[in-house]
Amino acid sequence: KYISFLIDDIAKFLAKPNYQADLMDEGVAVLAEQIESDLLMLYSNVTTNLIGSAGTDLDADDIIDAGKKLNDSKAPLANRAVVISTKDHAALLKLEKFTSSNWISDNQSALKDASIGRKYGFDIFMSQGVKTTGTSPVSTKNLAFNKGAFVMVSRPLAAPGPQYGVASKVLSADGIGLRVMTSYSHKDGGYLTTIDLLYGVKTIREALACQLIS
């Protein structure tokens, strides 16, 4: 996967030292969204542990039931997470079970940020990338899992040789190595930067994951 951007306003580039860095941050964010999307697509490999039904909203019982499924599968208690859609995030925030504890003095920021945090043995995260299928009703494919259910492997690609006139370096983002290449493009009249990486995702232990369907 890669993302490229062209800096054709040299005056702006020179006037704002952080201009290129800001564009690179945006590029890394785009790649991160793609990686997240690919990981969330792994729901399709989870066909044994299914909880909930299409066209509904998640509730506390669904997450408790997911915990039981993982317990029955002998999943480690540590490193468990739930990734939920925006609609289910909103639905859970309307339940007192998910917000009352946020009044505790050391966790008031969670309520201010509309965060759910850790509940029922899971770290709960919201993602706009949770997959859906169908139309009437829409089936939302939330995921509950132990980190041993899935794997992502990545490595930065090799730097081009100096004879090609390309400045290349490896940028580390959350432990993932990204190759960053910059060169002047005569055709486009600006500096072209490309950020890329080689990666793959896979389900390795399906029993350590549950589909939370809503």
- Query: Is there a residue being in a helix (DSSP H, G or I), surrounded by 13 or more Cβ atoms within 10 Å (Cβ to Cβ) and within 22 Å of the chain's Cα centre (by Cα) anywhere in the stretch 46-55?
  - Reply: no
- What number of residues within the stretch 144-168 are over 21 Å from Ala66 (Cα atoms) and either aromatic (Phe, Trp, Tyr) or free of Cβ contacts under 8 Å to residues at least 40 places away in the same chain (or both)? 11
- Does Lys141 satisfy being farther than 19 Å from Lys1 by Cα, in contact (Cβ under 8 Å) with a residue 60 or more places away in the chain and either assigned by TED's automatic domain parsing to the domain that holds Pro76 or not in a strand (DSSP E or B) (or both)? yes
- Message: Of the conditions (1) within 15 Å of Val28 (Cα to Cα); (2) without any contact (Cβ under 8 Å) to a residue 12 or more places away in the chain, Gly177 satisfies every one except a single condition; which number is it?
- Response: (2)
- Restricted to the stretch 122-138 and to residues being outside any strand (DSSP E or B) and at pLDDT 95 or above, the residue farthest from Asn49 (Cα to Cα) is Gln128
- Task: Scan the stretch 158-188 for residues that are assigned to a loop (DSSP other than H, G, I, E, B) and over 22 Å from the mean Cα position of the chain (by Cα) and jot them down.
- Result: Ala158, Ala159, Pro160, Gly161, Gly165, Val166, His186, Lys187, Asp188
- Note on the structure: How many residues of the stretch 81-98 are of a type in the set (S, T, N, Q) and surrounded by 14 or more Cβ atoms within 10 Å (Cβ to Cβ)? The answer is 1
- Task: Please indicate, with yes or no, whether at least one residue in the stretch 186-195 is free of Cβ contacts under 8 Å to residues at least 40 places away in the same chain and either in contact with a helix residue (DSSP H, G or I) (Cβ under 6 Å, 6 or more places away or on another chain) or among the hydroxyl-bearing types (Ser, Thr, Tyr) (or both).
- Result: no
- Message: Take Asp196 and tell me if it is exposed (fewer than 15 other Cβ atoms within 10 Å of the Cβ), of a type in the set (Asp, Glu) and not assigned by TED's automatic domain parsing to the domain that holds Leu93.
- Response: no
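The values are calculated or read from the model by the stated rules, or taken from the named source; none is laboratory data. Not measured: the values here are computed from a predicted model. Note that each Cβ is placed from the backbone with ideal geometry, even for glycine, and that neighbours are counted across all protein chains shown.
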